[in-house]
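Take a look at the structure set out below.
What follows draws every value from the coordinates through simple rules; no lab data is involved. Just so it is clear, the model here is predicted, and its values are computed rather than measured. Please note: Cβ atoms are built from the backbone with ideal geometry, for glycine as well, and neighbour counts cover all protein chains shown.
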């Protein structure tokens, strides 16, 4: 195999790496949104996907089912550039207590569990 042949797979590798990154991010978003405990749906609605830097805003919307949140995050993930770095943020002040087991609706560390499941 020549050096020129080695370079010919660079484009294929970029596609594979980008697709795997997107797939893992999509799984994580779905998992974490659906694992988030629901009262008003605001905590679920505030999971936001972004590329290259974390989103810092808080949304004043509710999404009890999680579908709209998953769809919005998915559109961000799917239109990303090659070799993306994704951030999935939730900036509500009570997301950490929820993840620490404050709600009886979700197990403690549901965010970490969502990530582990996405990596399979």
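Relative to the longest principal axis of the Cα atoms of the chain, the long axis of helix 10-35 lies at roughly 10 degrees.
Mind giving me the FRET efficiency for residue 12 and residue 109? R0 is 25 Å, r the Cβ-Cβ distance, nearest 0.05 is fine.
Values: r = 37 Å, r/R0 = 1.48.
That gives a FRET efficiency of 0.10.
Normalised by 2.2 N^0.38 Å, where N counts its residues, the alpha-carbon radius of gyration of the chain equals 1.24. Pairwise Cα distances in segment 51-97 exceed 13 Å in 66 percent of cases. Can you tell me what percent of all Cα-Cα pairs in segment 68-120 are more than 12 Å apart? Considering segment 68-120, 73 percent of its Cα-Cα pairs are separated by more than 12 Å.
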